[in-house]
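What follows is one structure encoded as structure tokens, with my remarks underneath.
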Amino acid sequence: MMRIIFATNNEGKMNEIRDILDGMDIELLSLKDAGIDIDIKEDGETFEENAIIKAETVCRMTGEVVLADDSGLEVDYLNKAPGVYSSRFLGEKTPYSVKNKYILDQLKDVEGEKRSARFVCVIACSFPDGRTVTRKGVLEGYISKEIRGTNGFGYDPIFYVPEYNCTTAEMPTSDLKNKISHRAKALEAIKEVLLEHMAQRKSREAKHEDSNSK
Ligand code: ITT
């Protein structure tokens, strides 16, 4: 079984990731599970840059295969804010009830299509041989008119998905949200990368055993 560290301190994310990768032949550890206490400075300007910074930092520290995601909410009316600053928006420790209310207030006179927004997630996968690959997932939607729902985390209570006529906080997390989310899409793509890596590793091991037995 391959060990993979997912470099996050966000429990909400980790729960979703466990659900989505369930069934793969991997041992998935959070930073806490791996005994790593680190607050990585995310000073990139894009989701890609930040995901790479997180994955490569932990990969260099541990020598393990490391995944990291950088994600956030882009609100078109706010020039794509909070974007890469989503978790630091209005202050890292500010409760999401306050952040969400602030965004609703900013959009209080804005109607229809102008309320468009998206969740973006970029996942980076770093291998001990120095390679890093990234994959991106996007979920399009709108900022709701009010705070709705208690599932999920972060900005879920104000992110409305028209196809399902509800916010992502009103969706059963392990069921619907994890099938359609930005994170699910990026993880599905990363799954392919991991499967290829595992197949290559198996074939190298088989060749090694074969040459040892000769
Ligand atoms: P790590 O860096 O430790 O992974 P973080 O919470 O700081 O945790 P990010 O830097 O990726 O993670 O910030 C992403 C923020 O974007 C997150 O804290 C939420 O506010 C928001 N966000 C991302 N995905 C979300 C989702 O599925 N639902 C609601 N909010 C989300």
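The values are calculated or read from the model by the stated rules, or taken from the named source; none is laboratory data. What you see is a predicted model, and the numbers here were worked out from it, not measured in a lab. Note that we place each Cβ from the backbone using ideal geometry, even for glycine, and neighbour counts take in every protein chain shown. The area values use the complete protein model at the heavy-atom level, side chains included, leaving out ligands, DNA and RNA. Shrake-Rupley method; radii C 1.70, N 1.55, O 1.52, S 1.80 Å.
Given a 1.4 Å probe, how much area per residue of the range 147-214 is accessible, in Å²?
About 57 Å² of surface per residue is accessible.
Return the long-range amide H neighbours of Gly72 (sequence gap of 5 or more, or a different chain), with a cut-off of under 5 Å between placed amide H atoms.
The answer is Val120.
Which FRET efficiency, nearest 0.05, do Lys41 and Arg3 yield, Cβ-Cβ r, R0 35 Å?
Approximately 0.85, to the nearest 0.05.
If you wrap a convex hull around the C-alpha atoms of the chain and split its volume per residue, what is the figure in Å³?
119
Tally up the carbon and sulfur contribution to the accessible surface of the chain as a whole percent, 1.4 Å probe, everything protein left in place.
So the carbon and sulfur contribution to the accessible surface is 48 percent.
What is the set of long-range amide H partners of Phe159 at a cut-off below 5 Å, with H atoms built 1.01 Å from backbone N?
Ser144, Thr168, Ala169
By per-residue mean of other Cβ atoms within 10 Å, what is the highest-first order of 40-51, 146-157, 91-102?
So the peptides 40-51, 146-157, 91-102, ranked by packing, come out 146-157, 40-51, 91-102.
Cα-Cα over 30 Å: which of Lys41/Lys207; Lys80/Lys179; Lys13/Lys99?
Cα-Cα > 30 Å for Lys41/Lys207; rest within.
Order the peptides 187-193, 71-77, 112-118 from the highest to the lowest mean number of other Cβ atoms within 10 Å of their residues.
Taking the mean over residues of other Cβ atoms within 10 Å, the ranking is 71-77, 187-193, 112-118.
Which percent, to the nearest 5, of DSSP beta bridges fully inside the chain are antiparallel?
The antiparallel proportion sits near 75 percent.
Can you work out the accessible area per residue across the range 4-67, with the rest of the protein chains kept in place, probe 1.4 Å, in square angstrom?
Ligands and nucleic acids excluded, the result is 50 Å² per residue.
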